[in-house]
Amino acid sequence: DLVRSRGLGDVYKRQAHKSEPSEIARTAAARVVAYAESCEPGKTLPIARLVSKATGDTLVLDATTQEHLELVRTNDGDTRGALLTQIDETKTSMGARLLRARLLAPSNDVATIRARHDAVSFYLENPGLRGEVRARLAKIADLERIAVKLLTARAAPRDLVKLLRALEEIPCIMQEIARSESTLAALGGRGTGQAAFDPCEASRALLSRALEPEPGPKPGGGDVLREGYDAELDEARKLARGGQELLVVLETRLREETQIGSLKLKYTRVFGWYIELTKTHVARAPTSWRRKQTVATGERYTNDELDALSDKVAHAEDRLAARETQLFAELVRTLAEDASRIRTPVSYTHLTLPTSDL
């Protein structure tokens, strides 16, 4: 019932010549979802679909077989002497997980096996291209985990920096591969490989426009989003960092407009900001000014412009924190809409890169 209520009941992936998941499998999936959601009451997991994993195209290696073969751990539980440790030269976390998955569930499809062998041979015969692609892959963060953080609204500013840098590397990898005409054969005749990658250009452009190159650890300090990204944020940041300067500018302008050289802007905790005139110049105060306090040496005034500016300065830090936090949350939500596409560049096997280069 839970699976059906979430709209997931009819999205099990039916494999060709494979039967639909059993009722036991459906119940198990529902219980996993229910348990996960119970850990965070009030939140709904961003699950788009439940997919059945067919095992017909891979060898089934049970835990005992894996242990005897020492695929991931040796018989004494150590990982250092296991096969995976010896062959894992991957450059990304996604590649490492893919290598492990392939090792624990080897393909038994002859065409797939031959395609992988051909890919390995191709890159071994083209060390220059292999070195360039590996160097680029080493700069790519864990896009799968970042996508999950986006979907669960847990992404931090530095996660977005990693995402941006990864998305900037994708076109470079595409260019490196496109340079080699012989890559056509390795790609199965699919052209330069540009269609195999999704560079998520809209997300990359948004991040480039929004994000500071070296943002703070969390939004709210005014050092996460770029100047020019949002006018209201820019104003709050300017007031928070340069409010005193704006008050000096206003004081200078009021002196010029009234031709009163002794005019001063001052501040007290009780009365806030005010315009102070000595008794000699009280008669020259503009009629639009409002008397705020009479003192022995003269009068204290305010006007609409000073009230507005002083209020902005007083609340600038709060406004800055609130606005940047709001904008960052909106940015994460927008990127989350692209989460499935952000995962797409992870599947480098679409370019038939050998597993060792992932």
In segment 149-166, which residues are under 26 Å from D88 (Cβ atoms) and in contact (Cβ under 8 Å) with a residue 60 or more places away in the chain? L163, A166
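This table checks each residue for (1) part of a helix (DSSP H, G or I); (2) on the phi < 0 side of the Ramachandran plot; (3) at pLDDT 95 or above; (4) exposed (fewer than 14 other Cβ atoms within 10 Å of the Cβ).
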site	(1), (2), (3), (4)
L167	yes, yes, no, no
I173	yes, yes, no, no
L206	yes, yes, yes, no
E214	no, yes, no, yes
Could you list, in sequence order, the residues of segment 65-100 that are polar (S, T, N, Q) and more than 32 Å from the chain's Cα centre (by Cα)? T65, Q66, T74, N75, T79, Q86
Are any residues in segment 88-116 closer than 21 Å to I140 by Cα and open to solvent by 70 Å² or more (accessible area, probe 1.4 Å), and if so, which ones? E89, K91, R97, R100
Which is open to solvent by 60 Å² or more (accessible area, probe 1.4 Å), closer than 29 Å to L335 by Cβ and either part of a loop (DSSP other than H, G, I, E, B) or hydroxyl-bearing (S, T, Y) (or both), of V60, V51? V51
Take the residues of segment 144-165 that are outside any helix (DSSP H, G or I) and in contact with a Pro (Cβ under 8 Å, 6 or more places away or on another chain): which is surrounded by the fewest Cβ atoms within 10 Å (Cβ to Cβ)? T152
Check whether at least one residue in segment 231-254 is at pLDDT below 95, open to solvent by 80 Å² or more (accessible area, probe 1.4 Å) and in contact with a helix residue (DSSP H, G or I) (Cβ under 6 Å, 6 or more places away or on another chain), and report yes or no. yes
D230, sole failed condition from (1) closer than 30 Å to L163 by Cβ; (2) touching an Asp or Glu at 6+ places or on another chain (Cβ under 7 Å): (2)
Taking into account only those residues within segment 264-308 that are closer than 20 Å to G242 by Cα and open to solvent by less than 30 Å² (accessible area, probe 1.4 Å), which is modelled with the lowest pLDDT? G272
Please indicate, with yes or no, whether at least one residue in segment 56-75 is in contact (Cβ under 8 Å) with a residue 24 or more places away in the chain and within 30 Å of A336 (Cβ to Cβ). no
Go through segment 117-143 and give me each residue that's surrounded by fewer than 17 Cβ atoms within 10 Å (Cβ to Cβ), in contact with a Lys or Arg (Cβ under 9 Å, 6 or more places away or on another chain) and at pLDDT below 90. L124
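The values are calculated or read from the model by the stated rules, or taken from the named source; none is laboratory data. Everything numeric in this text was worked out from a predicted model, so none of it was measured. We place every Cβ from the backbone using ideal geometry, glycine too, and count neighbours over all the protein chains shown. In case anyone asks, the SASA skips ligands and DNA or RNA and just uses the protein heavy atoms, side chains included. Shrake-Rupley method; radii C 1.70, N 1.55, O 1.52, S 1.80 Å.
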